[in-house]
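Novice: So that we are looking at the same thing, I have put the structure below in structure tokens.
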Amino acid sequence: MQTLNLKKTLLGEILVKKNIISRDQLILALAEQGTSRKRLGQILIEKRVLTFDELDHFLLEQDILNQDPTLLGSMLVIRGIITPQQLHSVLAEQEYSHRRLGEILIARRLLSFDQLDDLLLLQRVERSRNSESQFVIRL
């Protein structure tokens with residue numbers, strides 16, 4: 001079963017929250033987006049507010065934030081324990097090594113055993129709570 005996430009984190013929200021742009025700058029960029037049909041990231045690069053690398057960083061973060069918040073990787077990024085780039089790197093290693101995510105994080109000293117235990121317990125609690133209280137779609 002997978003829960004339906006109706007609220008998506010938008011790029012502009014991330015940039016304002018991290019004080020990369022002001023709310024006024026976001027409003028102006030969104031107004032331009034409405035008339036030009038350009039993507040927000042493209043507008044911000046053209047205005048030299050962001051570089052391509054910075055945009056990639058924030059788009060990766062956006063992607064992670066819009067995933068299931070009870071995934072271990074998402075939990076780590078949301079809590080600021082690891083960066084989106086570190087998660088991306090660990091997931092790439094996991095894909096070819098077939099090791100558990102927690103094992104890789106501990107081996108890289110990004111996470112302690114105690115932190116992993118705490119997060120896995122929290123993950124079980126959150127998933128249990130979600131299955132009881134949210135709209136669930138069977139796939």
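Each reported figure results from applying straightforward, stated rules to the coordinates on display, with no laboratory input. Treat the numbers as computed from the prediction; the structure is a model and nothing was measured. Cβ coordinates were reconstructed from backbone atoms using ideal geometry, including for glycine residues, and neighbour counts include every protein chain displayed.
Novice: So which chymotrypsin sites (Phe, Trp or Tyr not before Pro) in the range 10-105 are both in a DSSP loop and have at most 14 other Cβ atoms within 10 Å of their Cβ?
Specialist: none
Novice: Between 0 and 90 degrees, rounded to the nearest ten: what's the tilt of helix 23-36 against the longest Cα principal axis of the chain?
Specialist: Relative to the chain, helix 23-36 is tipped by roughly 70 degrees.
Novice: Here's a follow-up. Under Stokes-Einstein, with the Kirkwood radius over Cα pairs standing in for Rh, what whole-number D in µm²/s applies to the chain at 10 °C and 1.306 mPa s?
Specialist: 93
Novice: What is the chain's relative contact order, in percent, from Cα pairs under 8 angstrom and six or more apart in sequence?
Specialist: For the chain, the relative contact order is 32 percent.
Novice: Here's another thing I want to ask about it. Where does the chain land at 222 nm, in deg cm²/dmol rounded to the nearest 500, when only DSSP H runs of n ≥ 4 count, each adding -39500 (n - 2.57), divided by all residues?
Specialist: -20000 deg cm²/dmol
Novice: OK, next. Give the relative contact order (percent, whole number) for the range 68-139; include only Cα pairs under 8 Å separated by 6+ residues.
Specialist: Relative CO of the range 68-139 lands at 31 percent.
Novice: Output the peptides 11-20, 109-118 sorted from most to least packed, where packing is the average of other Cβ atoms within 10 Å over each peptide's residues.
Specialist: So the order, starting with the most tightly packed, is 11-20, 109-118.
Novice: What would the Debye equation give as log₁₀ I(q)/I(0) for the range 78-132 at q = 0.22, 0.29 Å⁻¹, counting only Cα atoms as equal point scatterers?
Specialist: Summing over Cα pairs of the range 78-132 leads to -0.91, -1.15.
Novice: Lys/Arg Cβ at +1, Asp/Glu Cβ at -1, dipole of the range 19-72 taken about the Cα centre: which of L59, T35, T70 is farthest positive-ward?
Specialist: T35
Novice: About the Cα centre of the chain, how large is the charge dipole given +1 on each Lys and Arg Cβ and -1 on each Asp and Glu Cβ? Please answer in debye to the nearest 20.
Specialist: Rounded to the nearest 20 debye, it is 320 debye.
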